[in-house]
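Novice: Below is a structure I'd like to ask you about.
The values are calculated or read from the model by the stated rules, or taken from the named source; none is laboratory data. Everything quoted here is computed from the prediction, not taken from an experiment. Every residue, glycine among them, receives a Cβ derived from its backbone with ideal geometry; neighbour counts consider all protein chains shown.
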Amino acid sequence: MTRVAPAVAGAALVVALLLSLTFAITIGPAEIRVDEVWASVLSHLGLAENPLTALRDGIAWELRLPRVLTAAAVGAGLAIAGAVMQAITRNPLADPYLLGLSSGASLGAVAVLLLGVAVALPIAAFAGAMAALVITLALAGSFGAITPTRTVLAGLAVSALASAIASLVIFWTATGDSYREILGWLLGSLAGARWPAVAIAFAAILIAGIPIAIGGRVLDAFAFGDTTAASLGVNVTTTRWVLLVATALLTGAMVSVSGSIGFVGLVLPHAVRLVVGARHRVLLPLSALVGAIFLVWADTLARTVFDPRELPVGIVTAIIGAPVFAVLLARRRGLA
Amino acid sequence: MSERSPGSSVAGLDATRVRVLAGDRALIDGVEVHAPAGSVTALVGPNGAGKSTLLRALAGIHRPAEGVVLFDDVDLFALSRRDRARRSAFVEQDTATDTAMTVASVVGLGRMPHQGLFGDAESDAPVADALATAGIAELAGRQFGTLSGGERQRVVLARALAQQPRLLVLDEPTNHLDVAAQLAVLRVLRTLAARGVAVVAALHDLTLAAAHADRVVVLRDGRVVAAGQTEPTLTPELIERVYGVRATVLRHPASGRPVLAFDPLDE
């Protein structure tokens, strides 16, 4: 199979991401042209006069721009989280969703929103993700040595339980309209993303995502198992825990702004791996870019296809992601 | 090669009173292993004797509950992980993975202890050396997942060589390989020994150990029952005592090396 030069792929993806962000903002019930998008951005940065009416500027600057930026950051974060999980558990099926992180984070967020637990939303989501992770690994009996199969089975159990508890909380407390909002949490939605969401998602990328991507080479050592990683001088236990906590932080932050969006963390790293190989110094940044682009467009579909009704974006990612995953599986079998 | 006199310092691996516990049960107890630089030492013994467990301790990966593992008079467990990984490399048994990496990338992993996280491993000279020594230079651009078992084993071996170790520890490096691939692996081990590396390999195939190892350490139930140069140590009496199998030691007409012939099955 031919592989694409990573630098070329990276440059192309950065351009594609910038174009995606710009064009996604123009799409919607109110027509806003590309030049108007840039004019609005420049004026808010104090660099130009704003030619837009207050209403159109509000749509561009207060609604669509923070939404596409959040989508990009969440997509990048979930893709990184998935790639890291797959490497440290040596399980191609691992992703934040499967190991219970997303459900745990959702449960934390629902507890804050509906039960009025007095903690900041991202912190509650992070705590939920961490709790789910610890319970998953404890159930798998794998502190120290993680066996791929048991970890996934334990993650499925924890994930199902956390989702069930979250649904139960919703069932008892939600009334009328709040059902729709809750569904957004469980299936993932970026409908509520404003500037605070952008701040949370980008902070998580800065604090957890970028350090993981920079130190990604250490993940290569895990491909041949813990003993080989140890023989290469890697402190296996510490490295694994640092990466798992960073992944929980990333997932918790993303879930707190978007609910739990599936398939991005599972499918995109596989697709990128097929094209550029499994070296994490390349895989992580490129997965992040692809994840960002993918979620920007998935969310654009989610808010426009059944306009004026919005789909939860998690439905879109699943509808696209599941068949793609099936194709990847088939190709894998063809290669083996 | 002369046996070491007590207290003298010898280049190579020198492990004493090694005890490894699983819970409160001793898997390895009171084990001494001496593996001089420049020779191939085979660790043999029945299944469940504790060979893999002992090798992890000897390679500096799993700290034993008791005992000292010295290499060139330096305690392997007193070194930082990275310093240790520059001296000692370990080849695991059956490293099954279908990682989407090229052979050069896999071998490049061996540069991690030297470069840390930011080097450019694949273009490093030791990687090319390791590929050449393992006889797989022509595979450098291939995908690891597309290789045969024998090729994979030599790639994993080359990864360890890229660490430029003075001590190379291998757990059953010939397992599941056909005879040509087994000999290819053993040839690489002999080359390394000739360059002064201390090579320690668990081999469950006694005939391979008899034919290719300079020294043997015979392990049973976590204890050393015999150790020393291959020929005087690996006697029919010892084999019967350890394995309960009768054998005759013949001599290879060309090399003069011992050849083990096991007695026919009982009628």
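Novice: With respect to the numbered conditions (1) modelled with pLDDT under 90; (2) facing chain A (nearest Cβ under 10 Å), which one is the sole condition not fulfilled by residue B:149?
Specialist: Here residue B:149 clears every test but (2).
Novice: For the condition touching a residue at least 40 places away in the same chain (Cβ under 8 Å) and over 30 Å from residue A:25 (Cα atoms), what is the one hit in A:165, A:182?
Specialist: Numbers: A:182 fails: over 30 Å from residue A:25 (Cα atoms).
None of the other options fit; the residue is A:165.
Novice: Go through region A:23-54 and report how many residues are assigned to a helix (DSSP H, G or I) and either touching a residue at least 24 places away in the same chain (Cβ under 8 Å) or surrounded by 16 or more Cβ atoms within 10 Å (Cβ to Cβ) (or both). Steps first, please.
Specialist: Step one: filter region A:23-54 for residues assigned to a helix (DSSP H, G or I), giving A:23-26, A:34-44, A:54.
Narrowing further to those that are either touching a residue at least 24 places away in the same chain (Cβ under 8 Å) or surrounded by 16 or more Cβ atoms within 10 Å (Cβ to Cβ) (or both): A:24-26, A:36-37, A:39-41, A:43.
Qualifying residue count, region A:23-54: 9.
Novice: Now for a different question. Tell me which residues, restricted to region B:86-107, are facing another protein chain (nearest Cβ under 7 Å) and within 15 Å of the chain's Cα centre (by Cα).
Specialist: The answer is B:89, B:90, B:92, B:95.
Novice: A follow-up question, please. Applying the selection to region B:191-207, what residues are crowded, with 16+ Cβ neighbours inside 10 Å and either closer than 20 Å to residue B:36 by Cβ or modelled with pLDDT of 95 or more (or both)?
Specialist: Selection gives B:192, B:193, B:197, B:198, B:199, B:200, B:201, B:202, B:203.
Novice: Any idea how many residues of region B:172-186 are in a helix (DSSP H, G or I), among the aliphatic types (A, V, I, L, M) and in contact with a helix residue (DSSP H, G or I) (Cβ under 8 Å, 6 or more places away or on another chain)?
Specialist: Number satisfying all stated conditions: 5.
Novice: Could you tell me which residue of region B:142-172 is farthest from the chain's Cα centre (by Cα), considering only residues that are within 20 Å of residue B:59 (Cβ to Cβ) and among the small types (Gly, Ala, Ser)?
Specialist: Checked region B:142-172; the qualifying residue farthest from the chain's Cα centre (by Cα) is B:162.
Novice: For residue B:63, which of the numbered conditions (1) within 19 Å of residue A:279 (Cα to Cα); (2) without any contact (Cβ under 8 Å) to a residue 24 or more places away in the chain fails to hold?
Specialist: (1)
Novice: Kindly check whether there is at least one residue in region B:85-98 that is in a helix (DSSP H, G or I) and buried (at least 23 other Cβ atoms within 10 Å of the Cβ). Write out each step before concluding.
Specialist: Restricting attention to region B:85-98, the residues satisfying the condition of being in a helix (DSSP H, G or I) are B:85-87.
Then keep just the ones that are buried (at least 23 other Cβ atoms within 10 Å of the Cβ); that gives B:85.
So far as region B:85-98 goes, yes, one or more of its residues are in a helix (DSSP H, G or I) and buried (at least 23 other Cβ atoms within 10 Å of the Cβ).
Novice: Name the pairs: first residue in region B:35-49 and within 20 Å of residue B:239 (Cα to Cα), second residue at pLDDT below 95 and among the polar types (S, T, N, Q), Cβ to Cβ under 9 Å, at least 6 apart or on different chains?
Specialist: B:42/B:230
Novice: Related question: When only residues in region A:260-278 that are away from chain B (no Cβ under 14 Å) and outside any helix (DSSP H, G or I) count, which is surrounded by the most Cβ atoms within 10 Å (Cβ to Cβ)?
Specialist: To start, the set of residues in region A:260-278 that are away from chain B (no Cβ under 14 Å) comprises A:260-268.
So of that shortlist, the ones also outside any helix (DSSP H, G or I) come out as A:260-263.
Values: A:260: 29, A:261: 31, A:262: 21, A:263: 24.
Applying the filter and picking the extreme gives A:261.
Novice: Let me ask something additional. Residue by residue through region A:287-336, note down the ones that are farther than 16 Å from residue A:64 by Cα and at pLDDT 95 or above.
Specialist: A:287, A:288, A:289, A:290, A:291, A:294
Novice: Same structure, new question: For region A:110-120, state whether one or more residues are buried (at least 20 other Cβ atoms within 10 Å of the Cβ) and at pLDDT 85 or above.
Specialist: Within region A:110-120, not a single residue is buried (at least 20 other Cβ atoms within 10 Å of the Cβ) and at pLDDT 85 or above.
Novice: Report yes if some residue within region B:198-207 is assigned to a helix (DSSP H, G or I) and acidic (Asp, Glu); otherwise report no. Write out each step before concluding.
Specialist: At the first step, the residues of region B:198-207 found to be assigned to a helix (DSSP H, G or I) are B:206-207.
Restricting the remaining residues to those that are acidic (Asp, Glu) gives none.
Among the residues of region B:198-207, not one is assigned to a helix (DSSP H, G or I) and acidic (Asp, Glu), which makes the answer no.
Novice: Of the residues B:53, B:41, only one is hydroxyl-bearing (Ser, Thr, Tyr), within 14 Å of chain A (Cβ to nearest Cβ) and within 13 Å of the chain's Cα centre (by Cα); which? Working first, answer last.
Specialist: Details: B:41 fails: within 14 Å of chain A (Cβ to nearest Cβ).
Among B:53, B:41, only B:53 is hydroxyl-bearing (Ser, Thr, Tyr), within 14 Å of chain A (Cβ to nearest Cβ) and within 13 Å of the chain's Cα centre (by Cα).
Novice: For residue B:224, all conditions in the list (1) over 21 Å from residue B:51 (Cα atoms); (2) touching a residue at least 60 places away in the same chain (Cβ under 8 Å) hold save one; what is the number of the exception?
Specialist: (1)
Novice: Does residue B:13 fit the bill of being more than 14 Å from every other protein chain (Cβ to nearest Cβ), in contact with a Phe, Trp or Tyr (Cβ under 6 Å, 6 or more places away or on another chain) and of a type outside the set (Gly, Ala, Ser)? Step through it out loud before you land on a result.
Specialist: Numbers: more than 14 Å from every other protein chain (Cβ to nearest Cβ): yes; in contact with a Phe, Trp or Tyr (Cβ under 6 Å, 6 or more places away or on another chain): yes; of a type outside the set (Gly, Ala, Ser): yes.
Criteria met by residue B:13.
Novice: Tell me, yes or no, whether region A:87-95 has at least one residue that is at pLDDT 90 or above, more than 14 Å from chain B (Cβ to nearest Cβ) and either within 19 Å of the chain's Cα centre (by Cα) or within 30 Å of residue A:152 (Cα to Cα) (or both).
Specialist: No.
Novice: Here are the criteria: (1) buried (at least 17 other Cβ atoms within 10 Å of the Cβ); (2) of a type outside the set (Phe, Trp, Tyr); (3) facing chain A (nearest Cβ under 7 Å); (4) over 25 Å from residue B:222 (Cβ atoms). Tell me which single one residue B:136 does not satisfy.
Specialist: Failed condition: (3).
Novice: Look at region A:212-252 and say how many of its residues are more than 11 Å from chain B (Cβ to nearest Cβ), touching a residue at least 12 places away in the same chain (Cβ under 8 Å) and farther than 16 Å from residue B:63 by Cα.
Specialist: Adding up the residues that qualify gives 13.
Novice: Run down B:161, B:147 and say which single residue is under 26 Å from residue B:50 (Cα atoms) and in contact (Cβ under 8 Å) with a residue 40 or more places away in the chain.
Specialist: Working: B:147 fails: under 26 Å from residue B:50 (Cα atoms).
Exactly one of B:161, B:147 is under 26 Å from residue B:50 (Cα atoms) and in contact (Cβ under 8 Å) with a residue 40 or more places away in the chain, namely B:161.
Novice: Can we say residue B:125 is crowded, with 23+ Cβ neighbours inside 10 Å and either in contact (Cβ under 8 Å) with a residue 60 or more places away in the chain or more than 9 Å from chain A (Cβ to nearest Cβ) (or both)? Walk me through how you get there before you give the answer.
Specialist: Details: crowded, with 23+ Cβ neighbours inside 10 Å: no; either in contact (Cβ under 8 Å) with a residue 60 or more places away in the chain or more than 9 Å from chain A (Cβ to nearest Cβ) (or both): yes.
Here the answer is no, as residue B:125 does not meet what is asked.
Novice: Give me a count of the residues in region A:169-200 that are assigned to a helix (DSSP H, G or I), among the hydrophobic types (A, V, I, L, M, F, W, C) and surrounded by 18 or more Cβ atoms within 10 Å (Cβ to Cβ).
Specialist: Initially, region A:169-200 is screened for residues assigned to a helix (DSSP H, G or I), giving A:169-173, A:178-187, A:195-200.
Pick out the ones that are also among the hydrophobic types (A, V, I, L, M, F, W, C) and you get A:169-172, A:182-183, A:185-187, A:195, A:197-200.
Add one more test, that the residue is surrounded by 18 or more Cβ atoms within 10 Å (Cβ to Cβ), and what stays is A:170, A:182, A:185-187, A:197-198, A:200.
Matching residues across region A:169-200 total 8.
Novice: Kindly provide the set of residues from region B:63-85 that are on the phi < 0 side of the Ramachandran plot and away from chain A (no Cβ under 13 Å), ordered by number. Reasoning before the result, please.
Specialist: Let us first name the residues in region B:63-85 that are on the phi < 0 side of the Ramachandran plot, namely B:63-66, B:68-71, B:74-85.
Across region B:63-85, the qualifying residues are B:64, B:65, B:66, B:68, B:69, B:70, B:71, B:74, B:75, B:78.
Novice: Within region B:38-50, how many residues are at pLDDT below 95 and under 28 Å from residue A:235 (Cβ atoms)?
Specialist: Going through region B:38-50 one residue at a time, the tally reaches 1.
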